[in-house]
Amino acid sequence: MKLNNEKIKALKPKENGKNFKKYDGNNLFLLVTSHGSKLWRFKYKFGGKYKEMALGKYPTISLKLARTKADKARQLLSDSIDPMAQRKLLKLQSTCKDLNFGEIALQWFELNKKEWSNAYQEKLLRWLKSDLKGICELQIDHITKNHIINIVDSLVEANTVKKVPPLLSMLNRIFRYAITKDLTNNSPLTNFDYIALTGKISAPKNHAAITNSKELGQLILTIENNNSGSYCSQEALKLLPHLFLRPSELRCLRWEHVDFENKYIKIPGELMKAGKTHIVPLSVQTLSKFRDIYKYTNYSKYVFPSEMSSSKPFSKNVLNNRLRALGYSANDIVSHGFRGTASTLLNEQEENYQHIEMQLAHKVGNSTALAYNHAEYLTQRRAMMQRWSNYLNKLCSDAELCNAIEQSG
């Protein structure tokens, strides 16, 4: 006979202290203990063995809910699924929710999003939902180097290879966050060389760039050691790799834009391609260079005046002509290519993608952000520019040492 609430409430422990069962039907029953507890149980047979599945305690689990739970267990059995094993699996998955890569990525995103523009936030979320959708469904410890290889291969096949460096940089930051939070012990990106899959990601042909560090070091050394050409062409070419400026922006730079006290260049929006005020933090090296140049060209409003007229900047062809004179063809490097060089190598060094884009004066953010954020992340960008100048100096020193060893041999 089926149970009802009146019958269940009337059940009392037996005087002999033994537990007893009261069946509701279809193998659902109440186990009444010697202490008066009333526990729902569902009895079933699976794999040749009888099992009893706990469904909860009455009245927390009502008669109606207990019957519903038993019905769900019977449905699983009809599909040849052990209901107790299934419940353990679901519990494990629930416990591991915090170890799901997609969940961790969103935690990282929420923690950092206040530092990013709306457009940049949308871009990262788009990458997570599209390019990284597959691994976002996995537990973080299940992600292997093969998963990363598949991501890179898919980007190559989609002809979006230039997305590889910033996307992997984001992935690396997420894994570092997870390691710091003790959510995982390892990152599949450790010692991961995406160039082995993509080849060197070159700049567009009309902006040829050198992105091999050894070749770049040799170029910087050649520029630093060469004394041919005019003073302004020599000094401008020495500064260009450090500043991320377009050649035209450096060529037309005025002394009023160089703020020695605040140690940055500030170019008004009307002189920038994007029409937005742009700040270039000066490293120790570039600040010293500008101070030296000021001694020689402060008679002009331009940092690099023309030899023909101090009221005009030098010719727009000067920097490319200097590179040609140093033995570098237009297929090797153009003056605009130093921007591509910086972008590629800084992304490989896992610098913040948004800081790089902002320093390149690329459009990052909506129209409102573009109008007011010329000084955004200035501290972080200043540190990045100093690291970049230090890196170029090291490459130059390494090239000089390598040349000395070769000559002595």
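Could you run the Karplus curve 6.51 cos²θ - 1.76 cosθ + 1.60 with θ = phi - 60° over region 265-281 and give me ³J(HN,Hα) per residue in whole Hz, x for Gly and Pro?
9, 10, 9, x, x, 5, 9, 9, 4, 7, x, 10, 3, 10, 10, 10, x
How much accessible surface does W108 have with a 1.4 Å probe, in Å² rounded to 10?
Accessible surface of W108 is approximately 10 Å².
Identify the residues of region 41-58 with backbone N under 16 Å of a label point that sits 7 angstrom from the Cα of L65 along the Cα-to-Cβ direction, or state none.
It comes to 41-42, 54-58, nothing else.
Of all the Cα-Cα pairs you can form in region 14-151, what percent are over 19 Å apart? Before the final figure, lay out each step's value.
Details: 6311 of 9453 pairs.
Here the long-distance tail beyond 19 Å is 67 percent of all Cα pairs in region 14-151.
Points 7 angstrom from Cα along the Cβ direction at I149 and M308: gap in nanometres?
With each label point 7 Å from Cα toward Cβ, the separation is 5.9 nm.
If you count only protein heavy atoms and use a 1.4 Å probe, how large is the accessible surface of R176, to the nearest 10 Å²?
110
Along its principal axes, what span do the Cα atoms of region 184-254 show, with the longest given first and each in whole Å?
Its Cα atoms span 55, 28, 24 Å along the three principal axes.
With each run of n ≥ 4 DSSP H residues scored as -39500 (n - 2.57), what mean residue ellipticity at 222 nm is computed for the chain after dividing by its residue count and rounding to the nearest 500 deg cm²/dmol?
Values: 18 runs with 206 residues, N = 409.
Calculated from helices alone, the mean residue ellipticity at 222 nm is -15500 deg cm²/dmol.
Would you tell me the accessible area of T222, worked out with a 1.4 angstrom probe on the heavy atoms of the protein chains, in Å² to the nearest 10?
Only protein atoms counted, so the area is about 40 Å².
Highest mean first, how do 320-327, 308-315, 39-46, 351-358 rank when packing is the count of other Cβ atoms within 10 Å averaged over residues?
Numbers: 320-327: 16.2, 308-315: 14.2, 39-46: 18.0, 351-358: 22.2.
With the highest mean Cβ count within 10 Å placed first, the list reads 351-358, 39-46, 320-327, 308-315.
How fast does region 115-253 diffuse by Stokes-Einstein, in µm²/s, taking the Kirkwood radius from C-alpha pairs at 37 °C and 0.692 mPa s?
So the translational diffusion coefficient is about 179 µm²/s.
What Kirkwood radius, in Å to one decimal, follows from the Cα pairs of region 221-287? Walk me through the numbers on the way to the answer.
On the way: mean 1/r = 0.0781 Å⁻¹.
By the Kirkwood definition, the hydrodynamic radius is 12.8 Å.
Taking θ = phi - 60°, what integer Hz values does the Karplus form 6.51 cos²θ - 1.76 cosθ + 1.60 yield along region 108-118, in sequence order, with x for Gly and Pro?
Karplus-based 3J(HN,Hα) across region 108-118 equals 4, 4, 4, 5, 9, 5, 5, 8, 10, 6, 4 Hz.
Count the lysine pairs in region 260-409 whose Cα atoms sit under 18 Å apart, keeping only pairs 8 or more residues apart in sequence or on different chains.
13
For the chain, take the alpha-carbon Rg, divide it by the Kirkwood Rh, and send me Rg/Rh. It would help to have the intermediate numbers written out before the result.
Working: Rg = 33.7 Å, Rh = 26.7 Å.
When Rh is taken as the Kirkwood radius, the ratio is 1.26.
Projected onto the charge dipole of the chain (+1 at Lys/Arg Cβ, -1 at Asp/Glu Cβ, origin at the Cα centre), which of G269, M358, F175 gives the Cα projection farthest towards the positive end?
Result: F175.
How far is it, in nm, from the label point at Y231 to the one at S80 when both lie 7 Å from their Cα along the line to the Cβ?
8.9
Based on a Kirkwood Rh over C-alpha pairs, give the Stokes-Einstein translational diffusion coefficient of region 186-337 at 20 °C and viscosity 1.002 mPa s in µm²/s.
Values: Rh = 17.0 Å.
Approximately 126 µm²/s, per Stokes-Einstein.
The values are calculated or read from the model by the stated rules, or taken from the named source; none is laboratory data. Nothing here was measured: the structure is a model prediction, and the numbers come from that model. We place every Cβ from the backbone using ideal geometry, glycine too, and count neighbours over all the protein chains shown. Side chains included, ligands, DNA and RNA excluded: accessible areas come from the protein's heavy atoms. Shrake-Rupley method; radii C 1.70, N 1.55, O 1.52, S 1.80 Å.
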